[in-house]
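Written below as structure tokens is the structure these notes are about.
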Amino acid sequence: MGLYEPWKIAFGCTTPENTTFLKKFAAGSISGALGSIAGNPFDVLKTRLMTAEDAAKRSIVSVAKELHTAQGVLGFYRGIDSNIARAMVLNGTMMACYDTSKEIVIKLTRLSNSQLATQFLSAIVAGFCITCTVSPFDMVRTRLMNQPSDTKIYNNVIDCCAKLVKNEGLSTLWRGFMPIWMRFAPTTTMQLVIFEQFRVLMGMQPI
């Protein structure tokens, strides 16, 4: 999220005329991809812990040791392709939709860019948009990460997506939409509003 503005400027978004939705999406996507590469090992461990049958008795250290023994360092980057794709879509959607929603809210309500109400309303819209675009990636990522170490069911993101649609139907990519939205709505709102408030405290202009 913090890299969004530097990348936005790098894409030439210095004036309203030069700032397009596509450029905003690209800036958000690149910053999301970089964060995903750094966080993928922790995401793999979290997923393993959540799906383990004896999760209550396990620790993150024991899961990490077990994973390293069975698959080596590369095991921590299982599903990295789907994770990067998800992060790019999530962050690109969040920042582009939030940024664009703020412009619309300001025009319709005449609220200022720095007002909490503007940020709150825009963040809610961004949360819904994220749920629509990220749900399929969440499904594919979970399936890839939970493959048995001795059996390769899916070859890559495209193969996994194709097999899910073929075997379970297109709607399975959005399975659990409401719970996902209930998770994204508050977290996205809190992230964006707190991020904006920190920018103000540091003497920076809102996004």
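The values are calculated or read from the model by the stated rules, or taken from the named source; none is laboratory data. Keep in mind that what you see is a predicted model, and the values were worked out from it rather than measured. Counting neighbours? That spans all protein chains shown, and the Cβs are built from the backbone with ideal geometry, glycine included. Please note that ligands, DNA and RNA were not included when accessible areas were found on the heavy atoms of the full protein model with its side chains. Shrake-Rupley method; radii C 1.70, N 1.55, O 1.52, S 1.80 Å.
Answer yes or no as to whether L108 is open to solvent by 40 Å² or more (accessible area, probe 1.4 Å) and without any contact (Cβ under 8 Å) to a residue 60 or more places away in the chain.
Yes: the conditions hold for L108.
Please work out which residue is nearest to C160 (Cα to Cα), limiting yourself to the range 70-129 and to residues that are assigned to a helix (DSSP H, G or I) and among the charged types (D, E, K, R).
Only one residue tops the list, namely D81.
Restricted to the range 161-184, and to residues that are at pLDDT below 90 and open to solvent by less than 30 Å² (accessible area, probe 1.4 Å), which residue is nearest to S112 (Cα to Cα)?
F184
Please specify each residue of the range 130-158 satisfying the condition of being open to solvent by 60 Å² or more (accessible area, probe 1.4 Å) and in a loop (DSSP other than H, G, I, E, B).
N146, S149, D150, T151, K152, I153, N155, N156
Might you let me know whether the range 148-166 holds any residue that is out of contact with any strand residue (DSSP E or B) (no Cβ under 6 Å at 6 or more places or on another chain), among the small types (G, A, S) and closer than 30 Å to E196 by Cβ?
No, there is no match, as no residue in the range 148-166 is out of contact with any strand residue (DSSP E or B) (no Cβ under 6 Å at 6 or more places or on another chain), among the small types (G, A, S) and closer than 30 Å to E196 by Cβ.
Do we have any residue at all in the range 58-71 that's in contact (Cβ under 8 Å) with a residue 60 or more places away in the chain, surrounded by 14 or more Cβ atoms within 10 Å (Cβ to Cβ) and in contact with a helix residue (DSSP H, G or I) (Cβ under 6 Å, 6 or more places away or on another chain)?
no
Inside the range 1-29, can you point out the residues that are in a helix (DSSP H, G or I), hydrophobic (A, V, I, L, M, F, W, C) and open to solvent by 50 Å² or more (accessible area, probe 1.4 Å)?
Once the filter is applied, which keeps residues that are in a helix (DSSP H, G or I), hydrophobic (A, V, I, L, M, F, W, C) and open to solvent by 50 Å² or more (accessible area, probe 1.4 Å), the range 1-29 yields W7, I9, A10, F21, L22, F25.
Free of Cβ contacts under 8 Å to residues at least 24 places away in the same chain and assigned to a helix (DSSP H, G or I), is that true of A33?
No, not satisfied.
Which is of a type in the set (F, W, Y) and within 15 Å of the chain's Cα centre (by Cα), of F11, F25, F21?
The conditions single out F25.
When the range 30-57 is examined, which residues are found to be open to solvent by 60 Å² or more (accessible area, probe 1.4 Å) and either among the acidic types (D, E) or in contact with a Lys or Arg (Cβ under 6 Å, 6 or more places away or on another chain) (or both)?
E53, D54
Pairs, please: C-beta under 7 Å, at least 6 apart or cross-chain, first residue without any contact (Cβ under 8 Å) to a residue 24 or more places away in the chain and in the range 180-198, second assigned to a helix (DSSP H, G or I)?
Correct list of pairs: empty, since none qualify.
Do the conditions hold for K163, that is, is it assigned to a helix (DSSP H, G or I), among the charged types (D, E, K, R), out of contact with any Asp or Glu (no Cβ under 6 Å at 6 or more places or on another chain) and free of Cβ contacts under 8 Å to residues at least 24 places away in the same chain?
Spelling it out, K163 is indeed assigned to a helix (DSSP H, G or I), among the charged types (D, E, K, R), out of contact with any Asp or Glu (no Cβ under 6 Å at 6 or more places or on another chain) and free of Cβ contacts under 8 Å to residues at least 24 places away in the same chain.
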